[in-house]
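Shown next, in structure tokens, is the structure this report addresses.
Since every read-out is calculated from the coordinates, none of them should be taken as a lab result. What you see is a predicted model, and the numbers here were worked out from it, not measured in a lab. Don't worry about glycine lacking a Cβ; one is built from the backbone with ideal geometry, like all the others, and counts go over all protein chains shown.
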Amino acid sequence: MSRMLDMLRKLLLLILLVWMAACEPLAPEVTQQVIVITNTPTAISEMPIVTQTAVFANSVPTRPPTNTPLPTATLPPLPSPTVIDCEEPGGSLFESAFQSEITGGTVLYNVYLPPCFFRFGRRYPYVILLHGSGYRYDQWADLGIQEVMDAGIANQILPPMVVIMPDGGDFQENNIFTEGGSYEDIILKELIPDIERSYCVWTDARGRAIGGISRGGFWAYSIGFRNPGLFASIGGHSPWFVPNNAPNTHNPLALAEFAPQIETLRMYLDNSQNDSGGANVVIFSNELSQRGIAHTYTINPTGGHNNEYWSAHLQEYLEFYGRNWPLLVEDLPLCQ
């Protein structure tokens, strides 16, 4: 009898072990990593520092082969609350241009205007989005910027904001940092004045943001860190940061160490876990962390350095840029 009970106990134990093994996951689930650094004073040794090996590159990643083809102004006072209705089903996306004295030619750019932009006489915030190396100003349109903006505004997820997507040309592709003749000068001395003359947008830093993809992310942080008083937010999406490919006065990796007065900027970074440039983004994030400078760095578990990845996260990018801007048109200042 005792032998039978002993065998029964062993059998029950075996069944329990088999059941536990069946319920045990084979491997931990890969999840998104989000590193949020606040500007609350924290001992450097206690800050979350991410470690990876730096990637040194002689060239910027370009479009993969495919067969498919400024003065600061004071904002006017906010108007009295009024409910404003708009019958237009969506915003408009179109091409514009200006004549550049720096390039000696025409600089093209795409513009997204929210629904009923010209009807309400309001002053809108705007974001400048820079494309990646090997692409042109239509990259953001290809990612679905109009569809995401229209849906986000309609559902009050995104604020009614203007999106400016300029062409970079040779000045963006090449490391041209000549005083008065660089891509930074095209953006600050020609593009922004043209936008603020042509459209009723905020002319205050609180209503401007700048961001970019890959090489465009390099320029967004270079321009933003060198001119922190001109923008409220900066974003870099798989930004291509490389040591020694630019003077320290322009290289975001160096500027993260010493650029003054960048503490008030809102900053966002992201890349996929497999991005070949991710290690240098980690270094950039760590430099900001050492200084106690607030920023958000997201490492996504899937995706590459390509349009599929950026398109999948486009709404997240736009939510970041528009987070502190009014969601309702009636809350925007009057265009006076």
Original post:
Sorted by packing (mean other beta-carbon atoms within 10 Å per residue), highest first, where do 281-288, 145-152 land?
Top reply: 281-288, 145-152
Subject >> Mean Cβ count within 10 Å, highest first, over the residues of peptides 97-109, 323-335 >> reply: 323-335, 97-109
Original post:
Rg and Dmax of region 208-321 over Cα atoms: what are they, in angstrom?
Top reply: 12.8, 36
Subject >> Neighbour net charge for Glu316 - beta-carbon separation under 12 angstrom, K R +1, D E -1 >> reply: -1
**OP:** Give, as a single signed number, the net charge of other residues whose beta carbon lies under 10 Å from the beta carbon of Pro125, with Lys and Arg counted +1 and Asp and Glu -1.
**Re:** +2
**OP:** Would you mind checking region 182-212 for residues with the amide N under 16 Å from a putative spin-label position 7 Å along Cα→C-beta of Cys86?
**Re:** 199-202
**OP:** Along Cα→Cβ, 7 Å out, is where each label goes; now give me the distance between the ones at Ala154 and Asp331 in nm to one decimal.
**Re:** 2.1
Subject >> Sorted peptide list for 175-181, 246-252, criterion being average Cβ within 10 angstrom, highest first >> reply: 246-252, 175-181
Original post:
region 120-239: percent of C-alpha pairs farther apart than 26 Å?
Top reply: 16
Subject >> Approximate spin-label separation Ala97-Arg226, in nm, with each point projected 7 Å along Cα-to-Cβ >> reply: 2.7
Subject >> Net charge of Cβ neighbours under 13 Å - reference Gly180; Lys, Arg +1; Asp, Glu -1 >> reply: -4
Original post:
Over what distance in Å are the Cα centres of region 260-275 and region 100-163 separated?
Top reply: 21
Subject >> In sequence order, calculated HN-Hα J values of region 209-226 (Karplus, 6.51, -1.76, 1.60; Hz; x Gly/Pro) >> reply: 9, 9, x, x, 9, 6, 4, x, x, 4, 5, 4, 6, 5, 5, x, 5, 7
**OP:** Taking H placed 1.01 Å from N in the peptide plane, check which residues at least 5 places from Thr298 or on another chain put their amide H under 5 Å from its amide H.
**Re:** Ile35, Leu269, Asp270, Asn271
**OP:** Calculate one ³J(HN,Hα) per residue across region 233-250 by plugging θ = phi - 60° into the Karplus curve 6.51 cos²θ - 1.76 cosθ + 1.60, and present them in order as whole Hz with x for glycine and proline.
**Re:** 9, 9, x, x, 10, 6, x, 9, 9, 9, x, 6, 9, 7, x, 4, 6, 10
